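Single-structure report; data block below.
Derivation of every value follows stated rules applied to the coordinates shown; laboratory data play no part. Computed from a predicted structure; not experimentally measured. Positions of Cβ are backbone-derived with ideal geometry, glycine not excepted, and every protein chain shown enters the neighbour counts.
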Amino acid sequence: MRSIKTTLLLAVNLPLMVGFAGLLTLDYQREVHDGLSTKQTALAEEAKILLPAVLALEHHGGQEVQRLVDDACRRMSEVESPGHHIAIRLGDRVYQAHSHGRGSEAMVAAMDRAADSESHTSQMGERSIVVGMENEQDATVYVSEFTDVIMREARQRLVKRFLSISAIGVLIAVLINYFLVRLVTRPAASLSQTVHRIAGGEVGLTAEQYGTREFSAVSSELSAMSTALAKADRQRQAQLALARRIQQKLLPDISSLDLIDVNYVHRQAEEVGGDFFDILPMGEGRFLMCLADTTGHGIPAAMSAAMLKVLIQTAAKSGETPERMLTCINRGFYEVTPDEVFATMALCVIDTSRQGLFYTSAGHESSYLLKPDGGMTVLESTGILLGVDQSANWSVSRYPFAPGDQLMLVTDGVTEAMSREGSLYGREALRQTALRSCGITGSGLVNAIMADVQTHLDGEVLTDDLTLVVVGIKPSKQATAERAPSHRPTEQPHGH
């Protein structure tokens, strides 16, 4: 697409050039016409002068007339009068000059055609002639010349006029183009650059003022729009900061949990996100823990996560089994969310006194039960997503869960972390890293996995919310001190 500068210069300069070419063409035609007219008048005068002499010599015989014609042509300069030729018609006899060898019937015929034409010109072979004529009684005198000199002189004058007019035209064009660029294209380019910068995020930018009413109006409106966008952006940032603080309040306070060890990393792809994690005491050494991932991210996902927080707290107070709590949560989530909103959730009850784990999952990413000796149990989904079917049910699985065991839960932001080359981190890489880190503390396991994910990302930003949680039962007071982590943290996990 052409720029406004190119379009304006073409719109101005093309008509100027076309008009200039048209004027030169008309001027050339006028020069040729005037030259032919002047020459034809001169030839007609010459014919008029010759006619009385021809009439006087007519009675002395044809030889005298022929001598007159030859003498008259001989005196004419071939340079000044190229193709000069005289023909005389006396009755049915025709006399032509023989001194230059141009006499012929074809020449007489061409003279007749020229005399009868309005322009007094006709073609003689490949060249053009102009004719002057005078007649009286039965005598007719024709005098002709080639038009070469007339055309050449017209072209010479055209070239001179072209050069002089071109110099003036170029000067005028330069001035017009300069003012066009200064008054139109430069302000338009500047305004376009300002719009581009505002679109790129430089809200609050003030556009330059210009000397024309229209551009000044556009500049003022653009500045007002930029200021309004800056104000709206400040308000949005303040609202997002408040929303982020509110969402942080949704995360559990793990400092008061004295029977279990919880370590987690929670990152959001935007200011707020849809991953939700909570752990609630249920009394008698039992804890309800859940990790959920709502569809999408940003404000809508954060609202869905807030709804889950309320539903989880209500379900925890009911004292029901995990599968019945998940059924209750699903029913409430189905009722308050649009049809296109879903969520996955892993929900479990940790019983520290009986050293058991009751696990159920609504279409969530697989969880992992890790043993100190390197054993691993993959905990799969036990039912469909939340928000799909109001009457859905889930099953529950029970696993032994003793001190030293660790339960690892993740959202798909971990397994679907994408590298520069477009490859996903994947479940297998997560499983292998977890196996290599068996036996270390919860924070060490979290750090080891996050370090591997960061290496895979290679500087790429997250495209989805990411949450990683590791939970274990604290050893009794008689147990030895916890072992130091074997991995240097890449990010300080939340835990105690």
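Here are some notes:
- Karplus 3J(HN,Hα) series, Hz, for region 140-157 with 6.51 cos²θ - 1.76 cosθ + 1.60 (x for Gly, Pro): 10, 10, 10, 10, 10, 9, 6, 8, 4, 5, 4, 5, 5, 5, 5, 5, 4, 5
- Cα convex hull, the chain: 285 Å³ per residue, rounded to a whole number.
- Region 275-301 residues near the modelled GLU460 label - backbone nitrogen below 19 Å, point 7 Å along Cα→Cβ: 296-297
- Anisotropy class of region 251-495 from Cα gyration tensor, a/c 1.5 cut: oblate
- Extreme residue, positive dipole direction of region 4-152, given options LEU16, ALA106, GLN63 (C-beta unit charges): LEU16
- Net charge dipole, region 251-495: roughly 960 debye, given to the nearest 20, about the Cα centre with Cβ charges of +1 for Lys and Arg and -1 for Asp and Glu.
- Surrounding net charge for PHE276, when Lys and Arg each add one and Asp and Glu each subtract one, Cβ distance under 10 Å: -3
- Loop-located GluC sites (Glu not before Pro) in region 323-397, at most 12 other Cβ atoms within 10 Å (DSSP): GLU340, GLU380
- Converting phi to 3J(HN,Hα) with the Karplus coefficients 6.51, -1.76 and 1.60 and the offset θ = phi - 60°, region 105-118 yields 5, 5, 5, 5, 4, 5, 5, 4, 5, 5, 5, 8, 8, 5 Hz in sequence order, with x at every glycine or proline.
- Taking the average, over residues, of other Cβ atoms within 10 Å as the packing measure, peptides 431-438, 449-456 rank 449-456, 431-438 from highest down.
- Looking at region 91-133, the GluC sites (Glu not before Pro) that sit in a DSSP loop and have at most 10 other Cβ atoms within 10 Å of their own Cβ are GLU118, GLU126.
- MRE, 222 nm, helices only [DSSP H, n ≥ 4, -39500 (n - 2.57), over the chain, to nearest 500]: -16000 deg cm²/dmol
- Positive-end residue of TYR178, ILE299, GLY83, charge dipole of the chain with Cβ unit charges: ILE299
- Relative contact order of region 251-495, defined on C-alpha pairs under 8 angstrom at six or more residues apart (%): 24 percent
- Cα-centred dipole magnitude for the chain, charges only on beta-carbon of K, R (+1) and D, E (-1), debye, nearest 20: 1680 debye
- Between 0 and 90°, nearest 10: helix 299-318 axis offset from the chain longest Cα axis: 10 degrees
- Amide proton proximity set for GLU270, modelled H, under 5 Å, gap of 5+: GLY298
- Amide hydrogen neighbours beyond the local backbone of ASP278, cut-off 5 Å, H modeled: CYS290
- The spread of Cα positions in region 4-152, taken along each principal axis and listed from longest to shortest, comes to 83, 27, 23 Å.
- Amide hydrogen neighbours beyond the local backbone of GLY356, cut-off 5 Å, H modeled: ASP351, PHE401
- Listed peptides 14-22, 285-293 by packing density, highest first (mean Cβ within 10 Å): 285-293, 14-22
- Calculated SAXS-style log₁₀ I(q)/I(0) at q = 0.26, 0.30 Å⁻¹ - region 201-250, Debye, Cα scatterers: -0.87, -0.98
- Shown in residue order for region 39-45 are the 3J(HN,Hα) couplings computed by the Karplus curve 6.51 cos²θ - 1.76 cosθ + 1.60 at θ = phi - 60°: 5, 5, 5, 5, 5, 5, 5 Hz (x for Gly and Pro).
- Selection of GluC sites (Glu not before Pro), region 260-300, meeting DSSP coil and at most 12 other Cβ within 10 Å: GLU284
- Test item: Cα-centred dipole of region 142-294, Lys/Arg +1 and Asp/Glu -1 on Cβ, debye: 1280 debye
- Ordered by the count of other Cβ atoms within 10 Å of each Cβ, fewest first, ASP233, ASP27, ASP405 give ASP233, ASP27, ASP405.
- The angle between the Cα long axis of helix 322-336 and the longest principal axis of the Cα atoms of the chain comes to about 40 degrees, rounded to the nearest 10.
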